[in-house]
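**Q** So that we are looking at the same thing, I have put the structure below in structure tokens.
Where a number appears in this text, it was derived from the coordinates with a stated rule and is not lab data. Quick caveat: nothing in here was measured; it's all calculated off a predicted structure. Don't worry about glycine lacking a Cβ; one is built from the backbone with ideal geometry, like all the others, and counts go over all protein chains shown.
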Amino acid sequence: MATTMESLYPQRPGNVGPVFHWLAMPVFALLMVFNAAAVGVVLSLSLALHVGRRLLERIPGVRTGSSAIASAYHRQVQRLANRVLKDPRDEPILAAAITLAWTAYPVLIVQLIIGEPSWLLALLFYACVYGPNIRGFARSFSSMHQEGHRVGGVFKRASAMEKLTGNSFLYMYFCLPMGLTPHAAAHLQQHHRENAGPLDVYATARYDHASVRDFLVYMVREVMYQQLLVSPYLYFRSKRKPAQMRSMIVSNLVHLSLFALLAWYSLPIAVLFMLVPWCASNFLMGVIHWAQHAFYGEQGDPRDFMVNTVTLLEKPVNAFNEGYHVCHHHWENVHWSESPALFERIKPEMKAAGSIVFRDYGVLDLFLRLMLRRFDAMADKLEWWEPLSHAQKVELLKRRVAPAPIAEHELRHQRRAAAAGAASRPQAPALDAEGCRQP
């Protein structure tokens, strides 16, 4: 009996069941409304802080003084990093953790002591976590990201929690203020294993990346599965990896248990200090995934991450060299400080793949211009591998933001699978003219 060959691209995230998917979509759409509202609050506060910082910097001596304080702070943290970290170059990760320890976490502790929920303390907490122009979030997220790529974490003494949960203590420490469910195993052993290819549950191959509608569909259809670790769990189940499956369950239980404990103490505090950051960070995580792999159009090989992955040569700030995202996928364990040198070494491969490189852009800069379809502005920042006019750059970007040619990929996949199946079937014995088997 003929059988249908398995598709290259799953029909639903993680091949989740159709009934569950049908039931989940209205719930996820409602969550998307809350996510958008929460991120609106956070971004408004972050923008106000950014404007305030710019105004303060106009006062003579403020910028010089703040730079001196920051340098002195990092020098002191470096002394501690030399003693407690496996690699002293990871001092900024330790500095980010210490900064949270004397900003966001004390605000939460004060709120718990007071008991009565305070909007002022909640806004102060968001200010500490997200910071001016979302730089606080970028620092914590990048620190968490780098911690997740170190087996046993960045500390010399390995985290005992990693074997049980798939996440080190420091990873969860960074996740908590941002409201994120710990997902180190999903990121490292799913996203980096599949490298934004057809089976990557974090991939955005089927969407037009300059379409607001497609972004909203992606947020509802896929991001909530990612953030609740449903699609990573289903991926690991398909690969028969029980340890990773258990990690997805335990990570959710840890996060939900903390929320339940806080809600038992005070539901309004749990909403303000865990649910709102969870919603806002869900939205921001969707933005990050969308922008970092935004150019699937004209992708010949569906597994060629260099085609769809973006390099953002962001200035003046590039937290942990996150902008060198192609380098990170090329060598997932490269130390973040070595990414610029790796970028120079792999330029020939990137040129051959037609990898996209922008200068002076961060993730949010690129995302906003994609949503506004500002191809002219993106063309101004595009560093292409050969001379192109501005109009040619615009046309190139318009083609590359299109969805991956999934139908072509599927057709080639089916042909290869059919050819492989035919080659593996035993051949019928040759017969002579009288119908007898030839020797």
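**Q** Could you calculate the contour length gain from Ala419 to Val62, that is, 0.36 nm times the residue separation minus the distance between their Cα atoms, to one decimal place in nm?
**A** Once the chain is fully extended between Ala419 and Val62, it gains 121.6 nm.
**Q** Show the residues, 5+ positions off or on another chain, whose built amide H is closer than 5 Å to the amide H of Tyr324.
**A** Here Leu312 satisfy the definition.
**Q** Next question, about the same structure. What list do you get for Arg416, Arg53 if you sort them by fewest beta carbons within 10 Å?
**A** Final ranking by Cβ density, sparse to dense: Arg416, Arg53.
**Q** Going by C-beta contacts inside 10 Å, put Trp331, Trp22 in order with the fewest on the left.
**A** Trp22, Trp331
**Q** Helix 119-130 versus the longest principal axis of the chain: what is the Cα-based angle in degrees, 0 to 90, to the nearest 10?
**A** Result, in degrees: 60.
**Q** Report the dimensions of the range 260-325 along its three principal axes from the alpha-carbon atoms, largest first, rounded to Å.
**A** 53, 31, 14
**Q** Ok, one more. If I take the Cα coordinates of the chain and project them onto the principal axes, what are the three extents in Å, biggest first?
**A** 100, 57, 45
**Q** Calculate how steeply helix 104-114 sits against the longest principal axis of the alpha-carbon atoms of the chain, using the helix alpha-carbon long axis, and give the answer as 0 to 90 degrees to the nearest 10.
**A** Tilt relative to the chain: about 60 degrees.
**Q** What nm distance separates the two modelled labels at Ala101 and Arg359, each placed 7 Å from Cα along Cα→Cβ?
**A** Each label point lies 7 Å from its Cα, and together they span 4.0 nm.
**Q** Please report Val223, Val276 as a ranked list, fewest other C-beta atoms within 10 angstrom at the top and most at the bottom.
**A** Val276, Val223
**Q** So, one more: Return the percentage of antiparallel bridges among DSSP beta bridges fully within the chain, rounded to the nearest 5 %.
**A** Looking only at bridges with both residues in the chain, the antiparallel portion is about 55 percent.
**Q** A further question on this structure: Against the longest principal axis of the chain, how steep is helix 169-178, in degrees 0 to 90 to the nearest 10, with axes from Cα atoms?
**A** 70
**Q** If you don't mind, another one. Could you calculate the FRET efficiency of Leu388 with Asp208 from 1/(1 + (r/R0)^6), where r is the beta carbon distance between them and R0 is 22 Å, rounded to 0.05?
**A** FRET efficiency, Leu388 to Asp208: 0.50.
**Q** Further question on the same structure: Could you sort out which of Lys315/Lys393; Lys163/Lys239; Lys156/Lys347 sit more than 24 Å apart by Cα distance in this structure?
**A** The answer is Lys156/Lys347.
**Q** Over the chain, what is the relative contact order in percent, taking alpha-carbon pairs closer than 8 angstrom and at least six residues apart?
**A** It comes to 18 percent, rounded to a whole number.
**Q** Another question about this same structure. Once both labels are modelled 7 Å past Cα along the beta-carbon direction, what's the Leu80-Phe169 spacing in nm?
**A** 1.4
**Q** Do you know the relative contact order of the range 311-423, to the nearest whole percent, from alpha carbon pairs under 8 angstrom that are 6+ apart?
**A** Here the relative contact order equals 23 percent.
**Q** Moving on. Is the range 52-154 best put as rounded, prolate or oblate by its Cα gyration tensor, with a ≥ b ≥ c the root eigenvalues, rounded for a/c under 1.5, and otherwise prolate when a/b is larger than b/c, oblate when not?
**A** Since a/c reaches 1.5 but b/c is at least a/b, the shape of the range 52-154 is classed as oblate.
**Q** What list of ³J(HN,Hα) values in whole Hz, one per residue of the range 91-103 in order, does the Karplus curve 6.51 cos²θ - 1.76 cosθ + 1.60 (θ = phi - 60°) give from phi, with Gly and Pro shown as x?
**A** Here the 3J(HN,Hα) series is 3, x, 5, 5, 4, 5, 5, 5, 4, 4, 5, 10, 10 Hz.
**Q** Can you divide the C-alpha Rg of the range 305-406 by 2.2 N^0.38 Å and report the result to two decimal places?
**A** Taking the Cα Rg and dividing by 2.2 N^0.38 Å, one obtains 1.05.
**Q** Still on this structure: Apply the Karplus curve 6.51 cos²θ - 1.76 cosθ + 1.60, θ = phi - 60°, to the phi angles in the range 245-252 and return the couplings in whole Hz, x for Gly and Pro.
**A** Computed from phi, the couplings for the range 245-252 are 4, 5, 4, 4, 5, 5, 4, 5 Hz.
**Q** Show me, for the range 404-409, the HN-Hα J-couplings you get by feeding each phi into the Karplus relation (A = 6.51, B = -1.76, C = 1.60, θ = phi - 60°), rounded to Hz, glycine and proline as x.
**A** 4, x, 4, 4, 5, 4
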